[in-house]
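> Structure in structure tokens, see below.
The values are calculated or read from the model by the stated rules, or taken from the named source; none is laboratory data. Being a predicted model, the structure only gives us computed values, none of them experimental. Cβ coordinates were reconstructed from backbone atoms using ideal geometry, including for glycine residues, and neighbour counts include every protein chain displayed.
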Ligand code: IMJ
């Protein structure tokens, strides 16, 4: 199996609709040992109940906005599992008002918050994991991003800026971590109905437009995005780093 003998850490699962859950299922089906983190602010119970579907899986609280919390979390995981082979970053947050109002109205704090949680947390995680010497040779980092980093998407606003920072961070991290033989890549997933998409104006229309215009005329599933994650975790992608792979049924290549 593709991920036989590998241990992967899935950061940012919230419920069964999470893309992180699709990634976890794919990793598990491909033979990996799967470890989770969840947001310490939210109830752990939902995540604990969900991950029971994966025998032996455990979830550890981790606040992406705090280096201390990331360090405590990764230290605990290293103590329990030893060195690991992959880390998935599936974490983003912007203040609701910044997704509702015009981008120009974004406050200094709102801008910093979105970039801190959605982009800087990857840098902190990579640095702390390296410091703790908890990565096996050939370890692979994967982070989820979105097309709103490249083009203006209605309502995506400061998240587009944060995802652009995340994608640039992936490229810079690939250089630094390449010295240790670690890889860092991003997956730009097509729109999916997750908790993070809940309440977004006209989300149904966005899904319809993708279905009409994407070369494959479908919306993507969390399982499909998860399978791309498994590929990036696996040794099949050993020459791929600093890359952003679009898992969007081709939507991003279309013009008129
Ligand atoms: C989010 C906002 C606007 C348009 C959007 C999205 N489209 C898609 C998303 C078209 C696909 C979902 N997405 C890719 C995200 O990255 C979402 C991030 C997000 C969502 C929320 C909602 C609730 C909240 N804060 C958030 N922060 C980040 O309070």
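> Could you say whether any residue in the stretch 61-73 is modelled with pLDDT of 95 or more, surrounded by 24 or more Cβ atoms within 10 Å (Cβ to Cβ) and in contact with a helix residue (DSSP H, G or I) (Cβ under 7 Å, 6 or more places away or on another chain)?
yes
> What number of residues within the stretch 155-173 satisfy the criterion of being surrounded by fewer than 24 Cβ atoms within 10 Å (Cβ to Cβ) and either part of a loop (DSSP other than H, G, I, E, B) or on the phi > 0 side of the Ramachandran plot (or both)?
Within the stretch 155-173, residues that are surrounded by fewer than 24 Cβ atoms within 10 Å (Cβ to Cβ) and either part of a loop (DSSP other than H, G, I, E, B) or on the phi > 0 side of the Ramachandran plot (or both) number 2.
Table: residues versus (1) near the ligand (Cβ under 10 Å from one of its atoms); (2) in contact (Cβ under 8 Å) with a residue 60 or more places away in the chain; (3) touching a strand residue (DSSP E or B) at 6+ places or on another chain (Cβ under 9 Å); (4) more than 27 Å from residue 238 (Cβ to Cβ).
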| residue | (1), (2), (3), (4) |
| --- | --- |
| 106 | no, no, no, yes |
| 110 | no, no, no, yes |
| 134 | no, yes, yes, no |
| 139 | no, no, yes, no |
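> In the set 106, 96, which member is at pLDDT 95 or above, farther than 21 Å from residue 177 by Cα and in contact with a helix residue (DSSP H, G or I) (Cβ under 6 Å, 6 or more places away or on another chain)?
The conditions single out 106.
> Sticking with this one: Residues 176, 180: which one is outside any helix (DSSP H, G or I), at pLDDT 95 or above and more than 12 Å from the ligand (Cβ to nearest atom)?
Exactly one residue qualifies, and that residue is 180.
> Still on this structure: If I ask for residues that are within 15 Å of the ligand (Cβ to nearest atom), assigned to a loop (DSSP other than H, G, I, E, B) and more than 20 Å from residue 250 (Cβ to Cβ), which ones from the stretch 188-239 would you list?
The answer is 194, 198, 199, 200, 201, 202.
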